[in-house]
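Since every read-out is calculated from the coordinates, none of them should be taken as a lab result. All of these numbers come straight from a predicted model, not from anything done at the bench. Here Cβ is always computed from backbone atoms with ideal geometry, including for glycine, and neighbour counts include all displayed protein chains.
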Amino acid sequence: MDLLLLGPPGAGKGTQGVRLSARLGLPKLATGDLLREAVTQRTQLGLKAQAIMEAGALVSDDLILAMVREELAKPAARRGVILDGVVRTIPQAEGVAALLAERGRQIDLVLFLDVSDEEILGRIAKRRGIEGRVDDAPESVARRLKAYREQTAPVLAWYQARGGVTRIEGTGTVDEIAARILRAVEP
Ligand code: AMP
């Protein structure tokens, strides 16, 4: 099963993705995590991505799709993956669909974690205190929300026109949201 988590920054995709990954026994594929790891390791990818990420902008579709191609080729990904924050533009939606189609697969379920802007700003401020992510600074967050609205929100309509999107109310406790997600995944 291939599952996609969509939603604004701070919607809880990472937290819920970890839970789903454990529950379904499928690896989580999070481009944000892979990019942060590349920055820490100072790889060529990391050096290219660092300034873009810190500014809160989106890394190029080509780089993202190359990472997804590499991850899907791993044996652990053969039964499916949980895509977390991976599809952020329409070219990425098209590219991921093509990469899965090469393996005779498709995204089986798109889950949209719906959270208000007010809630997001509160959560990111809290996360900044805990994780200290540079891109959780207020100016970067404003850029990330703008990138989300302009480039990622249209992706919802793209999926809506191709099989649909399941909206999950993203406010509440982590357990409550996880239960809503499970009801959508395992009805
Ligand atoms: P995240 O942890 O998912 O919020 O990602 C952190 C940052 O990594 C984003 O603000 C972008 O700069 C970059 N990034 C992660 N995934 C993508 C993607 N699919 N497309 C473009 N940029 C991405």
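Can you give the Kirkwood hydrodynamic radius of the chain from its Cα pairs, in Å with one decimal? Walk me through the intermediate numbers first.
Values: mean 1/r = 0.0597 Å⁻¹.
For the chain, inverting the mean 1/r across all distinct Cα pairs yields 16.8 Å.
Could you work out the local net charge near ASP135, counting Lys and Arg as +1, Asp and Glu as -1, over the other residues with Cβ closer than 12 Å to its Cβ?
Details: positive: ARG36, ARG127, ARG128, ARG133, ARG143, ARG144; negative: GLU54, GLU131, ASP136, GLU139.
Counting the neighbours of ASP135, the net charge comes to +2.
Can you tell me how much longer the chain between GLU176 and ALA22 gets when fully stretched, taken as 0.36 nm per residue apart minus their C-alpha distance, in nm with one decimal? It would help to have the intermediate numbers written out before the result.
On the way: separation 154, 0.36 × 154 = 55.44 nm, distance 1.67 nm.
Net length gain for the segment: 53.8 nm.
Just tell me which lysines come within less than 25 Å, Cα to Cα, of LYS74; anything on the same chain fewer than 8 places away is out.
Within the straight-line cut-off, LYS74 pairs with LYS13, LYS28, LYS48.
Report, in whole Å, the centroid distance computed from the Cα atoms of the range 1-59 and the range 63-88.
If you average the Cα positions of each part, the centres end up 11 Å apart.
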